[in-house]
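The values are calculated or read from the model by the stated rules, or taken from the named source; none is laboratory data. Given the structure is predicted, the values throughout are model-derived calculations rather than measurements. Virtual Cβ from ideal backbone geometry, glycine too; neighbours counted across all protein chains shown.
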Amino acid sequence: MKQITQDLANGETRLVETPRPGCADGSVVIATSRSVVSAGTERMLLRFGKAGWVDKARQQPDKVRMVLDKVRTDGLLPTIESVRSKLDQPLQMGYCNAGVVLESGVTGFSEGDRVVSSGPHAEIVRMPSNLCARIPDEVDDETASFAVLGSIALQGVRLAAPTIGESVAVIGLGLIGLLTVQILRANGCRVIGLDFDSNRCELARQFGAEVVDLSQSGDPVSQAIAFSRHRGIDAIIITASTSSNDPVRQAARMSRKRGRIVLVGVSGLELSRADFYEKELTFQVSCSYGPGRYDPEYEDLGHDYPVGFVRWTEQRNFEAVLDLMKDGTIYVEPLITDRIAFSDAPQAYEKLDSGNSLAIVLEYPQDSPRDSRQTVRLASEPRAPRQDSDIVCAFIGAGNYAGRVLIPAFKKAHAGLHTIVTSGGASAAHHGNKYGFKYASTELRTAIVDPDINVVVVATRHNLHCQQVIDALNAGKHVFVEKPLALKLDELESIESAFSEARRNGQQLIVGFNRRFSPHAQTMRSLLEQRPGPMAIIITVNAGDIPQDHWTQQRQVGGGRIIGEGCHFIDLSRYLVGAPIADWSATQFGSNARVPIRDDKATISLAFEDGSIATIHYLANGSKKFPKERVEVFHDGAILQLENFRKLRGFSWSGFSKQNLLVQDKGANACVAAFLKSIRSNGAAPIPGDEIFEVSRVSIEIGESLEQ
């Protein structure tokens, strides 16, 4: 199937071939008939992508500060690589989609239903059920494709809370602004619209609003106050997109005492305290489609809000807009400036960039057979060294770490890259073409059963690791799984059982505990082996804060940060000591306080059978200017100190003083190379299986204890 993606590095918009998404529980698969190009959001993304590095930095100064902090801690080259990786991710364009359900994994939607969704511009999309709504029979697909945009306007109106007869100003008469005008008129309001575009002012007039043409007018504030019968505007909804502070300042000046201002679009926010103070104005920013937006529990997992407590969610706003369309209250025909065939989609973005288009409708072919393949052959040619035939890999998952670190590491180690599998398909096609895979797929079984594939790399979300590892082992594959191996002890036991049989067949299993393969960790282990005896290790991890609703923080999905990332440092301690873990304890920051706690601020204590001890401080409440990872080993009157896997120093260590690297090296390439070497030579596993399961078991036990 075809899909529109944008390259954020240069702004180029492409119509790319991707595998179609498969159906999943809680979602529906939709064959698109119409989608609308957003003149606001998508034009902004287009221009951001085309901007140079300096202009990109000016638009996101907060990101610049983060980059500078990363340079200080990680070095220049890793930072540049990280930034390029972020910009390299394909951006799926669009969020206004109408079509027909092909498959449903949820009650409430059936095959053949016509639905709207916030799906991207693609021939086939998969969307969670709460981001879809059924189209009434009286509403055609073209009109319905505006429902998501209409819900943005509706949410702004709901926050403004207008009543019949109130005077309301709409600043900015773009697509959202003109839909806002129609909804306000349906609400019984007197509406005045303000814009610099005379044609858009005329459209607002046709929809029943008074208008102020800012390209010709003198003082818009006085005209708005006159429109309000000199009482001041009751509510102002800002739908403009500008960096100027004028919309907010004008809104405050034209408002009545205790008026309401709602920002739906983008505006400068240098507010005048005097205006807001003297009039006791309220100011609120509207969040997209309504309650539920950016809440993974609602959007991804399908957990609806009780209607008695949250009357208007995203989905219910979709339905309300469709009802207004059904009644003819919202009329979109005058808003459409262009209708373009989906096959000519890049032309739509040329028109969009010119700034003359209001609403561009993409029309999808209905009479031609839909490409329903979940696996597609890629046109890419390998660019790197010749691929050896003894290692043929499939990648399951292509997130940021897989795309930035793991796939390049396997390519560098001369592995043959066969199939890359992702849930949605767009990232599979992107990374597949970039690195020279033969196939991109959304069908997991493709990678598991293909007889040409002998190595499977599992780089998906953590809750999927267990079953995918077991399936790959049972299919006779060698398995590289990005940490963690499992989230629960019973899962770990199931993997251990599957691996015991696979190991007899000569199969290898490794977890991506890469830090033990770093040059500095290898040096430390070598130095410690020369001076046997117990040691004390202190590892300080300045992990950085991650929002509570991020998937890694969800116990059932990511397992929490100790199981998901803290396992790295448990393994590193185990490697440096070279003896089994005999006992452990863990204390959580804030465990005695009456506040919600997470497992990303904790101290872990490990005791080893040889008498060594290790203390791991995993903390998410530190400064980004401080080194992210520091390892200190106290042993026999001497100390080894490793900072950020760049600088290793010895204090009173005979024969060793320091080892510095220009580029941070956490051992990812060496880990992959050792894994593939062991397969090629049929040699010993780079990490003994007993250690993998020991570290994984201790990590899970610690994570569960902190949760309790």
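Residue check: Pro78 meets all listed conditions (1) at pLDDT 85 or above; (2) more than 28 Å from Pro346 (Cβ to Cβ) but one, namely (1).
Take Leu8 and tell me if it is surrounded by 17 or more Cβ atoms within 10 Å (Cβ to Cβ), in contact with a helix residue (DSSP H, G or I) (Cβ under 6 Å, 6 or more places away or on another chain) and either among the hydrophobic types (A, V, I, L, M, F, W, C) or modelled with pLDDT of 85 or more (or both). So Leu8 fits the description; yes. Candidates Leu352, Leu301: the one that is assigned by TED's automatic domain parsing to the domain that holds Gly94, at pLDDT below 95 and among the hydrophobic types (A, V, I, L, M, F, W, C) is Leu352.
Per the conditions (1) under 23 Å from Pro408 (Cβ atoms); (2) out of contact with any strand residue (DSSP E or B) (no Cβ under 9 Å at 6 or more places or on another chain); (3) β-branched (Val, Ile, Thr), the sole criterion not satisfied by Ile700 is (1). Within segment 678-708, the residues that satisfy the criterion of being without any contact (Cβ under 8 Å) to a residue 24 or more places away in the chain and part of a loop (DSSP other than H, G, I, E, B) are Gly683, Ala684, Pro688, Gln708.
For segment 219-234, check the following and say yes or no: at least one residue is under 26 Å from Ala320 (Cβ atoms), touching a helix residue (DSSP H, G or I) at 6+ places or on another chain (Cβ under 8 Å) and either surrounded by 22 or more Cβ atoms within 10 Å (Cβ to Cβ) or not β-branched (Val, Ile, Thr) (or both). Scanning segment 219-234, I find at least one residue that is under 26 Å from Ala320 (Cβ atoms), touching a helix residue (DSSP H, G or I) at 6+ places or on another chain (Cβ under 8 Å) and either surrounded by 22 or more Cβ atoms within 10 Å (Cβ to Cβ) or not β-branched (Val, Ile, Thr) (or both), so the answer is yes.
Does segment 683-694 contain any residue that is touching a Pro at 6+ places or on another chain (Cβ under 6 Å) and either outside the structural domain of Leu527 (by TED's automatic domain parsing) or over 19 Å from Glu565 (Cβ atoms) (or both)? So far as segment 683-694 goes, no, none of its residues is touching a Pro at 6+ places or on another chain (Cβ under 6 Å) and either outside the structural domain of Leu527 (by TED's automatic domain parsing) or over 19 Å from Glu565 (Cβ atoms) (or both). For segment 672-700, taking the residues that are among the small types (Gly, Ala, Ser) and in contact with a Phe, Trp or Tyr (Cβ under 8 Å, 6 or more places away or on another chain), the one that is nearest to Ser500 (Cα to Cα) is identified as Gly689.
The set of residues in segment 458-477 being surrounded by fewer than 19 Cβ atoms within 10 Å (Cβ to Cβ), under 27 Å from the mean Cα position of the chain (by Cα) and not in a helix (DSSP H, G or I) consists of Arg461 alone.
Per-residue answers, yes or no, for (1) closer than 20 Å to Ala153 by Cβ; (2) of a type in the set (A, V, I, L, M, F, W, C); (3) in contact (Cβ under 8 Å) with a residue 12 or more places away in the chain:
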residue: Ala274; (1), (2), (3): no, yes, no
residue: Asp327; (1), (2), (3): yes, no, no
residue: Asp353; (1), (2), (3): no, no, yes
residue: Ala359; (1), (2), (3): yes, yes, yes
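Within segment 478-515, being of a type in the set (Asp, Glu) and over 29 Å from the mean Cα position of the chain (by Cα) holds for Asp490, Glu493, Glu496, Glu501.
Restricting the search to segment 123-170, which residues are in the same structural domain as Arg256 (by TED's automatic domain parsing) and in contact with a Pro (Cβ under 7 Å, 6 or more places away or on another chain)? Across segment 123-170, the qualifying residue is only Val168. Within segment 522-539, the presence of at least one residue that is surrounded by 23 or more Cβ atoms within 10 Å (Cβ to Cβ) and part of a helix (DSSP H, G or I) is confirmed. Residue selection: Glu529 satisfies the criterion of being more than 28 Å from Val457 (Cα to Cα) and of a type in the set (D, E, K, R).
The set of residues in segment 482-514 being of a type in the set (Asp, Glu) and under 22 Å from Val672 (Cα atoms) consists of Glu482, Glu496. Regarding Leu173, is this residue surrounded by 23 or more Cβ atoms within 10 Å (Cβ to Cβ), at pLDDT 95 or above, part of a loop (DSSP other than H, G, I, E, B) and not assigned by TED's automatic domain parsing to the domain that holds Ala39? Yes.
Scanning segment 626-677 for residues that are hydrophobic (A, V, I, L, M, F, W, C) and in a strand (DSSP E or B) yields Val631, Val633, Phe634, Ala638, Ile639, Leu640, Leu642, Leu648, Phe651. The condition of being touching a helix residue (DSSP H, G or I) at 6+ places or on another chain (Cβ under 7 Å), crowded, with 24+ Cβ neighbours inside 10 Å and outside any strand (DSSP E or B) holds for only one of Phe480, Phe410, Phe437, that being Phe410. Are any residues in segment 364-407 touching a helix residue (DSSP H, G or I) at 6+ places or on another chain (Cβ under 9 Å), acidic (Asp, Glu) and modelled with pLDDT under 85, and if so, which ones? Of everything in segment 364-407, just one residue is touching a helix residue (DSSP H, G or I) at 6+ places or on another chain (Cβ under 9 Å), acidic (Asp, Glu) and modelled with pLDDT under 85, namely Asp388.
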